[in-house]
1. Find the residue count for region 232-270, including only residues that are over 23 Å from residue 322 (Cβ atoms), at pLDDT 80 or above and over 18 Å from the mean Cα position of the chain (by Cα).
2. Look through region 87-112, keep the residues that are within 17 Å of residue 52 (Cα to Cα) and modelled with pLDDT under 75, and return whichever of them is surrounded by the fewest Cβ atoms within 10 Å (Cβ to Cβ).
3. Consider residue 248 carefully, then state whether it is in the same structural domain as residue 145 (by TED's automatic domain parsing) and without any contact (Cβ under 8 Å) to a residue 12 or more places away in the chain.
4. What's the number of the only condition in (1) farther than 29 Å from residue 425 by Cα; (2) in contact (Cβ under 8 Å) with a residue 24 or more places away in the chain; (3) surrounded by 15 or more Cβ atoms within 10 Å (Cβ to Cβ) that residue 266 fails to meet?
5. Within region 285-294, can one find any residue that is in the same structural domain as residue 199 (by TED's automatic domain parsing) and surrounded by fewer than 14 Cβ atoms within 10 Å (Cβ to Cβ)?
6. Can we say residue 347 is part of a strand (DSSP E or B), touching a helix residue (DSSP H, G or I) at 6+ places or on another chain (Cβ under 6 Å) and loosely packed, with under 15 Cβ neighbours inside 10 Å?
7. Return yes when residue 281 is surrounded by 14 or more Cβ atoms within 10 Å (Cβ to Cβ), in contact with a strand residue (DSSP E or B) (Cβ under 6 Å, 6 or more places away or on another chain), farther than 26 Å from residue 327 by Cβ and touching a residue at least 40 places away in the same chain (Cβ under 8 Å) and no when it is not.
């Protein structure tokens, strides 16, 4: 444009207003040309670049908002080849991300289901959802710990095939696990036929002691129902003891960086275990802290002061009988039946810390009911001493194997001392033999007497 003005001015001699008018027309022409160029370029960019990119952006926004239909975006054939390629690449990336995400979710769900059988589900969720869940260490929490254990299951397993015993144990644990989970308990560990359950480990609640006792009563009552089935199949009835203690524990990951375990440590855990070891079949014992927390909601038999291994001072335990609202539960007591005279000599050994006493003791049975054995023993055995019995059969027929029992009462006024024993471990054949063995001089059996 400047060259054109210089040419008109110097070579054609145009001066003044004509030159200015020429310059204005020239500027207007250039501006008009630029306007049309910009207008055409804008429409081109809008239709060929901006609108396709805006479509992709809008699809991404809808996808982020949860519209799964926006995940698939078909490119318009009128779009430039490069933008069509962007749209197809986006589609491929989304499909890859979706596939990888689905695979990851399936893997996480598989881990959750699998390890949820070995660890409490709440712990698995904590480990998967938070890096802090994998750190060593723990937190101090106030919980209620419940220990349950089958009486004499090890002895019972000696008379059956391992496959049968595992099937029976899994059947028992399946029933008990359902009861525990329905009461909000967290199964911390399964040790053979023993189960350690905690209430309040993940989220402490004010009613943890209440739920623990309600769970224990329900477990004992459900075991009675299960025993009706297993005894009909020729098994001796299962007997379970439950101990509950409340107090502070440290809950968290215990171990090393290479191997760790979610668990609890503290005096409360030890106290619950020792209380459980003092129980007999069908019994629920609670400590003083649990009794105090429940107040009038729980009904208990007269308390006992007991010395327990690992606990320096005697503690008070309360046998639970019933629980008030909102559960309204009663511990169903097994009918002891009529005590029938039963005279048979035996030899017994006190069991001291899982070892038999060095000197065998002589004794004689006096009477027998469904649960207890009255007997004379030549030496005083204080409750809750456990003994191993070997019955001597004077008649041909059944030969008894070893029987384990726990001393629950002892009358030192009589000589020799009179003991009341609760049978805790007996083989199925011995159990059936005791049920049929002649108890009276007229030869009437216990089963006939009960009928």
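The values are calculated or read from the model by the stated rules, or taken from the named source; none is laboratory data. This is a predicted model, so every value here is computed, not measured. When we count neighbours, we look across all protein chains shown, and the Cβ atoms used for this are built from the backbone with ideal geometry, even at glycine.
1. So the answer is 8.
2. Taking region 87-112 and keeping what is within 17 Å of residue 52 (Cα to Cα), we get 87-91.
Retained after the next criterion (residues that are modelled with pLDDT under 75): 87-88, 90-91.
Values: 87: 19, 88: 13, 90: 17, 91: 16.
Ranking the qualifying residues of region 87-112, first place goes to 88.
3. On the way: in the same structural domain as residue 145 (by TED's automatic domain parsing): yes; without any contact (Cβ under 8 Å) to a residue 12 or more places away in the chain: no.
No.
4. Condition (2) is where residue 266 drops out.
5. So the first thing to find is which residues in region 285-294 are in the same structural domain as residue 199 (by TED's automatic domain parsing), and the list is 285-294.
With surrounded by fewer than 14 Cβ atoms within 10 Å (Cβ to Cβ) added as a condition, the list becomes 292.
Yes, that holds for at least one residue.
6. Details: part of a strand (DSSP E or B): yes; touching a helix residue (DSSP H, G or I) at 6+ places or on another chain (Cβ under 6 Å): no; loosely packed, with under 15 Cβ neighbours inside 10 Å: yes.
It is false that residue 347 is part of a strand (DSSP E or B), touching a helix residue (DSSP H, G or I) at 6+ places or on another chain (Cβ under 6 Å) and loosely packed, with under 15 Cβ neighbours inside 10 Å.
7. Details: surrounded by 14 or more Cβ atoms within 10 Å (Cβ to Cβ): yes; in contact with a strand residue (DSSP E or B) (Cβ under 6 Å, 6 or more places away or on another chain): yes; farther than 26 Å from residue 327 by Cβ: no; touching a residue at least 40 places away in the same chain (Cβ under 8 Å): yes.
In short, no.
Quick grid of which residues meet (1) in a loop (DSSP other than H, G, I, E, B); (2) surrounded by fewer than 19 Cβ atoms within 10 Å (Cβ to Cβ):
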{"site": "338", "(1), (2)": "yes, yes"}
{"site": "380", "(1), (2)": "yes, yes"}
{"site": "387", "(1), (2)": "no, no"}
{"site": "408", "(1), (2)": "no, yes"}
{"site": "424", "(1), (2)": "no, no"}
{"site": "434", "(1), (2)": "no, no"}
